[in-house]
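Below: one structure, written as structure tokens.
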Amino acid sequence: MNELLYLLREPWTFEFMQRALIAAVLVSVVAAVVGSFVILKGMAFIGDALPHASFGGVAIAFALGFNLHLGGAVAALLTALSIGFIARRGSVRYDTAIGIVFISGFALGILIVSTQSGYVVDLFSFVFGNVLGVSWTDVWLTVGLGAFILIAVALFYKELLFTAYDPSMAAATGVPVAAMQYGLLALIGLTVVIALQVMGIVLVLAMLVAPPATAQLLTRRLPPMMAIGALVGALSALGGLYIAWYADVSASAAIVLTATGFFFLAFLFAPGRGLLWQRRFVLTESA
Amino acid sequence: MPDNSPAFVPAVEVRNLSAGYNGHVALEDVTFSVERGCLAGLVGPNGSGKSTLLRVMLGLHKPWRGEVRISGPPGRSGRGHIGYMPQSELVDWSFPITVVDVVLMGRYGRVGLIRRPGGRDREIAMAALERVHLAHLAQRRIGELSGGEQRRMLIARALAQEADLVLLDEPLAGLDATAQHDLLRLLEELRREDKTLFVATHDLSCVAANFDHAVLLNRKVVAFGRPSEVFTEQLLAAAFQRHLLVLPGGERTLVGP
Ligand SMILES: Nc1ncnc2c1ncn2[C@@H]1O[C@H](COP(=O)(O)OP(=O)(O)OP(=O)(O)O)[C@@H](O)[C@H]1O
Ligand SMILES: [Mg+2]
């Protein structure tokens, strides 16, 4: 018993693990809340596009010797807003707009990196994430931005919901739909910014999608979907860090696999909607 | 034409309106007005511009030329105070949201930015659901409604807006005979409450039998006036490009191919 408690406590006796836990839990919670809108609008693609496009900004910042995070943040926001701008013209489909913008940003990043002969290891922490390496400054920045995102969603929940559900009716009742659409894109952009450091370009998408998708299988309304998604995200962060600690594997990958594990559990066992549930129903019916 | 009578108070006036999509003309020089407190029908073949006209009136689609003038009590004539029921094919039925939540959205325009709808708004939403006989499904997820129930939910949302002018896009389509009858009753009730209702529909017989005015549209306004004046075989043939029979039978006028 004491043995077990010791095993559970051990990772958190290290300060870098404490920082990792705070950052990972916070990022997962914010990503689940914002990600709920992402999956409902079928915008999962954007969750992949923003981190990739932000690589362009990181590379430019790297080449010019600026702060890499700032470069990534500016690029993610610019990408989010230009996707909104292109899509609102209505002449190309949303996913096409996203595809074009994101490929341009990512390609620009690769192009710039290919011109750099020096030390590019820093860039790899952006590609694969480096949650065990976050500093207290990073943690406080994540806390600040995360709180800002959650407060913005809480304040404008009603408008964001209406705009996501039925934009033309929302506009007809006087909701500033354009502002809400750009606002949501900016919030997704900011979420990507704080998630990049923890998860890395390749895995940010998973935290935007897997926890809310799990929650969607378990509830029929948006507020509990966000809450359950946040819980699933937080548990994935915790579980993933344990796995990373004891199995000595990549923390971001362990977090993502824990989250997708939750998804498959819900997919199989969700009351009423899970695969096994439906199967059992069919079996009892035919029996 | 009704606008010659001195007592005519227009709730909405549309003047020389032209609109369309990427160079494609959907509405051309449309002019008409709808009297306050009346039940007006908007009829025309598929693609004649009915939905486009309603969307322009709501300010959802920018017209190329012309104007829409909405009159109402002072301070309440803004477009946020027009009730609207969209054609239900345009709604995302997979969204995780309950019936009463959708109806509550009708209140958002009044509640204002950031603030939450209160108990009063919930009462109004529930009352609207009761008027369309849907109160028992208030907590259902919208994807689990039948086609007719979906339409009634959208009507309830338009009611919850408590607007003086309500635009409805094909509210009768897909309703069974009793539901159609109930809806007509409801529209008549609303008219008695001095609301103005402008209804796009394909049910010509229903307009002929129950409505005060009709606008016959096919990109242009083919005719506008009392249904008995509008639903003549010549005018209908001009709008629908084929011959339709009009069988006036006292109370009931039947229109059909
Ligand atoms: N989003 C759009 N983009 C391009 N053209 C459109 C769009 N919506 C409608 N149209 C065109 O505008 C014209 C009018 O369409 P509208 O939807 O207003 O017709 P309607 O009278 O409501 O038809 P229905 O009875 O089938 O609902 C049609 O020719 C249609 O093809
Ligand atoms: Mg239509």
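The values are calculated or read from the model by the stated rules, or taken from the named source; none is laboratory data. Being a predicted model, the structure only gives us computed values, none of them experimental. Here the Cβ positions follow ideal geometry from the backbone for every residue, glycine too, while neighbour counts run over all protein chains shown. Surface accessibility is based on the protein's heavy atoms, side chains included, excluding ligands, DNA and RNA. Shrake-Rupley method; radii C 1.70, N 1.55, O 1.52, S 1.80 Å.
The table below gives the values:
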quantity: Complete set of residues in the stretch A:158-195 that are of a type in the set (Phe, Trp, Tyr) and either modelled with pLDDT of 95 or more or under 15 Å from B:ARG157 (Cα atoms) (or both); calculated: A:PHE162, A:TYR165
quantity: Odd one out for A:PRO224, checked against (1) within 25 Å of B:SER94 (Cα to Cα); (2) surrounded by fewer than 18 Cβ atoms within 10 Å (Cβ to Cβ); (3) away from chain B (no Cβ under 14 Å); calculated: (3)
quantity: Counted residues, the stretch A:143-200 - those being in contact with a helix residue (DSSP H, G or I) (Cβ under 6 Å, 6 or more places away or on another chain), more than 10 Å from every other protein chain (Cβ to nearest Cβ) and of a type in the set (Phe, Trp, Tyr); calculated: 1
quantity: Helices (runs of 4 or more DSSP H) wholly inside the stretch A:115-218 that include at least 1 residues being surrounded by fewer than 18 Cβ atoms within 10 Å (Cβ to Cβ); calculated: A:121-128, A:136-155, A:157-165, A:167-172, A:177-199
quantity: Residue match in the stretch A:88-99 (condition: in contact (Cβ under 8 Å) with a residue 40 or more places away in the chain, open to solvent by 70 Å² or more (accessible area, probe 1.4 Å) and outside any helix (DSSP H, G or I)); calculated: no
quantity: Among residues of the stretch B:16-68, those that are free of Cβ contacts under 8 Å to residues at least 24 places away in the same chain and more than 8 Å from ligand 1 (Cβ to nearest atom), counted; calculated: 3
quantity: Residues satisfying the stated conditions in the stretch A:219-239, i.e. within 14 Å of A:VAL29 (Cβ to Cβ) and either small (Gly, Ala, Ser) or in a loop (DSSP other than H, G, I, E, B) (or both); calculated: A:ALA227, A:GLY229, A:ALA230, A:GLY233, A:ALA234, A:SER236, A:ALA237
quantity: Hits in the stretch B:165-215 (condition: open to solvent by 50 Å² or more (accessible area, probe 1.4 Å) and charged (D, E, K, R)); calculated: B:ASP176, B:ASP182, B:ARG185, B:GLU189, B:ARG191, B:ARG192, B:GLU193, B:ASP194
quantity: Test: residue in the stretch A:59-69 that is within 24 Å of A:ALA210 (Cβ to Cβ) and surrounded by 18 or more Cβ atoms within 10 Å (Cβ to Cβ); calculated: no
quantity: Selection count where residues are closer than 27 Å to B:PRO96 by Cα and open to solvent by less than 40 Å² (accessible area, probe 1.4 Å), scope the stretch A:8-43; calculated: 15
quantity: Residue check for B:SER33: away from ligand 2 (no atom under 16 Å from the Cβ), open to solvent by less than 60 Å² (accessible area, probe 1.4 Å), within 18 Å of B:LEU165 (Cα to Cα) and at pLDDT below 90; calculated: no
quantity: Residue selected from the stretch B:40-58 under the condition more than 9 Å from ligand 2 (Cβ to nearest atom) and open to solvent by 10 Å² or more (accessible area, probe 1.4 Å), by the criterion farthest from the other protein chains (Cβ to nearest Cβ); calculated: B:PRO45
quantity: Wholly within the stretch B:93-202, helices (runs of 4 or more DSSP H) carrying at least 3 residues that are within 14 Å of chain A (Cβ to nearest Cβ); calculated: B:99-105, B:108-111, B:119-131, B:147-160
quantity: Residue in the stretch B:51-58 that is in a strand (DSSP E or B), over 26 Å from B:LEU145 (Cα atoms), touching a Phe, Trp or Tyr at 6+ places or on another chain (Cβ under 6 Å) and not acidic (Asp, Glu) present; calculated: no
quantity: Evaluation of A:LEU64 against (1) free of Cβ contacts under 8 Å to residues at least 40 places away in the same chain; (2) within 24 Å of A:SER250 (Cα to Cα) (one fails), failing number; calculated: (2)
quantity: Residue match in the stretch B:69-90 (condition: open to solvent by less than 50 Å² (accessible area, probe 1.4 Å), at pLDDT 90 or above and in a loop (DSSP other than H, G, I, E, B)); calculated: no
